[in-house]
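The values are calculated or read from the model by the stated rules, or taken from the named source; none is laboratory data. Everything quoted here is computed from the prediction, not taken from an experiment. Using ideal geometry, Cβ is built from the backbone for each residue, glycine included, and neighbour counts are taken over all protein chains shown. Accessible surface areas use protein heavy atoms only, side chains included; no ligands, DNA or RNA. Shrake-Rupley method; radii C 1.70, N 1.55, O 1.52, S 1.80 Å.
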Amino acid sequence: MLEHVQEANPSKRRASVLKFFRELPSQDEDGQVLPISGLWNTAMAHPNDPEFINLGIFECMASLIWKGLKNRRWLAHDQNIYIPYYAAHIIGSYTMNMEEFAERAVRAGVIPPLVELLRGRLTWVEQRVAVRALGHLATYPSTFPAVADHGEVLELAIQLASSSLEIVYSHFYQFVDRRLGYHCDLLTRGMGGVEMESRKAEEWASQLQCWSLQLINCFAFKPEFLHDICKADFLIKLPGMWGGLVNENSPAGVGLLRTICQSKIGRGHVANISGTIDALCNIARSSDDWQYMAVDCLIWLLQDANTCHKVIDKVAPTLIDLANISTLGDHKKLGDTIVTVLQECVQQNGSSRGAISTRTKEEIDELLRSKQSYKLEKNMPKEDLHIKQAAALVVKLEGNSMFSSGNIEGAAVKYSEALALCPMKSKKERVVLYSNRAQCYLLLQQPLLAISDATRALCLHSPVNRHAKSLWRRAQAYDMLGLAKESLLDAILFINECSQSNDPDLSLKQNKVPDYAERLVKKQMRAAWLFREAALKHGGVHCEGDASDAFGQEADDSEWETASESDAENDARGDADDENEWKNDGRQEDFCEKS
């Protein structure tokens, strides 16, 4: 291939490359993988360059995939096993940005061989690049119909999104000695050992799932496909498809749910799945990068008269906690939008018997009164506001005193009284009060109330979701409920905030992560591990060398630097179990704020 592209004469170069693409699929000599891997590099580096598109690269790649599918003897010879993977990857790279290129690819006949790869005719490695390429082709209005004409594509993508993690775990990750050599080479480019292979396999498994969801998402914009997508067993799994920490740039399951909820048909299906609504509420009250997508779903469900009455008792408490948020993602004045939506729900459904529970209506009414108080405060004399502030401070200090003496219930009551007195515009003071009350609820074993208060503190804080102590308290509360992903994200963000904090209670000593935070992150990384369910189903991890547990390999050295010896001594808890360790860590390290 090199001699073809290095030809100085443009006319001769064009004729040479054109001949190469036409003749390559019919050739059987050794060494074909080398020029194709070179084309792969070119496609990755210059995906918008039309030269090879005009010379027939799509026709060539489609023919090579067909050859690999039909001629297994050729596929097994030399290094030809790599060729279908590279060919599908090249198609995906050249179609990811340019609709014109996608149209050329469709005319070249790339879809049928890609669909065969998607069906699993080879292995999961080829499925990954096939679903990537089909996802790009389905993105464009002009080429989507060609993808949709293959009726099995949507069903195959749904199956792959649901089973991709188990497929990669059982076919690659679980047994080190059974891993296919070319899989290992593609994963690590020959640069790593078993540990890197395993790490890259987790990343590729996440991509396989997320790219399957991206392909489904293209269908979800078309109402005629929603009934096939919105099966109950699939909808309830969607919020749990999150890409993991290895693929944080994909909105994954919540992104697809957001697309589904833009449609009346989709909202009707989602509103009937209680577990999906619960999961959306958890994502909306988390530090997930895609939090705003979950909030969108909840708002749209409430704005739809056909779904509002089904979900309002679950959704309203979450949105009430978020009502003081200012900006989130592209949303400006999101809190005002939430208040308006909740108010309209009460007005439209309040007269319908049983449409809104008494408790929900009372909570919404309380929110509306607080907003009215905020408006009234704008016309209140400054002296009166200072008096209210001073009174709230006195009561808060009484709460701090009770907390220090061990009267946790009494402290919670005092913080509630202080919140009632504290001016709505005194956001910093209200952040502290909500966060302190959240700590009380943690110690009183009321994690739902702790999550609610910590979320309110995080929404009031500037910047949003960056109040370190509230993040830590919510991480602990989510841990109590067994919500590993939400706890993990909050704990990681807590550590990040500590690294930037000037607060002596929070700043990291000698840039070391505190033991209590390190332990929680480790625990949740195991619990939220992408392969956890597959490992449990298939009997854990079996690999050579030092054994690892069923939740992934653990090195002796922590991913985080361990705390200093003095920290470890201060944090020692004897033989307490894990659950009590978190409670005790909270008591020692996360005391109520005095400011």
Conditions (1) in the same structural domain as SER487 (by the TED database); (2) within 28 Å of VAL341 (Cβ to Cβ); (3) modelled with pLDDT under 95: number failed by ALA438: (3)
Residue tally, condition open to solvent by 80 Å² or more (accessible area, probe 1.4 Å) and closer than 17 Å to ASN436 by Cα, over segment 382-393: 1
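Within the group VAL147, VAL125, which residue is more than 25 Å from THR188 (Cβ to Cβ), of a type in the set (A, V, I, L, M) and either touching a Cys at 6+ places or on another chain (Cβ under 9 Å) or open to solvent by less than 10 Å² (accessible area, probe 1.4 Å) (or both)?
Unique residue meeting the criteria: VAL147.
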Residue among LYS314, LYS371 that is under 22 Å from ASP453 (Cα atoms) and modelled with pLDDT of 95 or more: LYS314
Of all residues in segment 23-37 being within 43 Å of the chain's Cα centre (by Cα) and either more than 15 Å from HIS77 (Cα to Cα) or charged (D, E, K, R) (or both), the one that is surrounded by the most Cβ atoms within 10 Å (Cβ to Cβ): ILE36
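Would you point out which residue out of ALA555, ALA527, ALA535, ALA491 is open to solvent by 30 Å² or more (accessible area, probe 1.4 Å), at pLDDT 75 or above and in contact with a helix residue (DSSP H, G or I) (Cβ under 9 Å, 6 or more places away or on another chain)?
ALA527
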Of residues in segment 90-100 being part of a helix (DSSP H, G or I) and open to solvent by less than 10 Å² (accessible area, probe 1.4 Å), the one nearest to ARG132 (Cα to Cα): GLY92
Complete set of residues in segment 440-463 that are assigned to a loop (DSSP other than H, G, I, E, B), open to solvent by 60 Å² or more (accessible area, probe 1.4 Å) and not polar (S, T, N, Q): PRO463
Qualifying residues in segment 239-257 (those that are crowded, with 16+ Cβ neighbours inside 10 Å and of a type in the set (S, T, N, Q)) - the one farthest from LEU165 (Cα to Cα): SER250
Exclusive hit being farther than 20 Å from THR143 by Cβ, modelled with pLDDT of 95 or more and open to solvent by 30 Å² or more (accessible area, probe 1.4 Å), set HIS77, HIS46: HIS46
Residue list for segment 171-193, filter: within 21 Å of LEU245 (Cα to Cα) and surrounded by 16 or more Cβ atoms within 10 Å (Cβ to Cβ): PHE172, TYR173, GLN174, LEU187, THR188
Residue in segment 355-365 that is touching a residue at least 24 places away in the same chain (Cβ under 8 Å) and either in contact with a Gly (Cβ under 8 Å, 6 or more places away or on another chain) or farther than 30 Å from ASN306 by Cβ (or both) present: yes
Residue count, segment 302-334 (criterion: closer than 26 Å to MET424 by Cα and part of a loop (DSSP other than H, G, I, E, B)): 10
Among the residues listed as ASN379, ASN349, ASN400, the single one being in contact with a His (Cβ under 7 Å, 6 or more places away or on another chain) and either open to solvent by 50 Å² or more (accessible area, probe 1.4 Å) or of a type outside the set (Phe, Trp, Tyr) (or both): ASN349
Matching entry among ILE216, ILE260, ILE236, ILE229 (being open to solvent by 50 Å² or more (accessible area, probe 1.4 Å), β-branched (Val, Ile, Thr) and in contact (Cβ under 8 Å) with a residue 24 or more places away in the chain): ILE236
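Report the residue count in segment 150-170 for those that are more than 30 Å from GLU103 (Cβ to Cβ) and either crowded, with 21+ Cβ neighbours inside 10 Å or among the β-branched types (Val, Ile, Thr) (or both).
Final tally of qualifying residues: 4.
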Test: ARG466 is open to solvent by 40 Å² or more (accessible area, probe 1.4 Å), outside any helix (DSSP H, G or I), out of contact with any Pro (no Cβ under 8 Å at 6 or more places or on another chain) and of a type outside the set (Phe, Trp, Tyr): yes
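Listed here are the residues, each with its yes/no results for (1) under 32 Å from the mean Cα position of the chain (by Cα); (2) within 30 Å of THR307 (Cα to Cα).
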site: HIS386; (1), (2): no, no
site: LEU397; (1), (2): no, no
site: GLN439; (1), (2): yes, no
site: LEU448; (1), (2): yes, yes
site: SER452; (1), (2): yes, yes
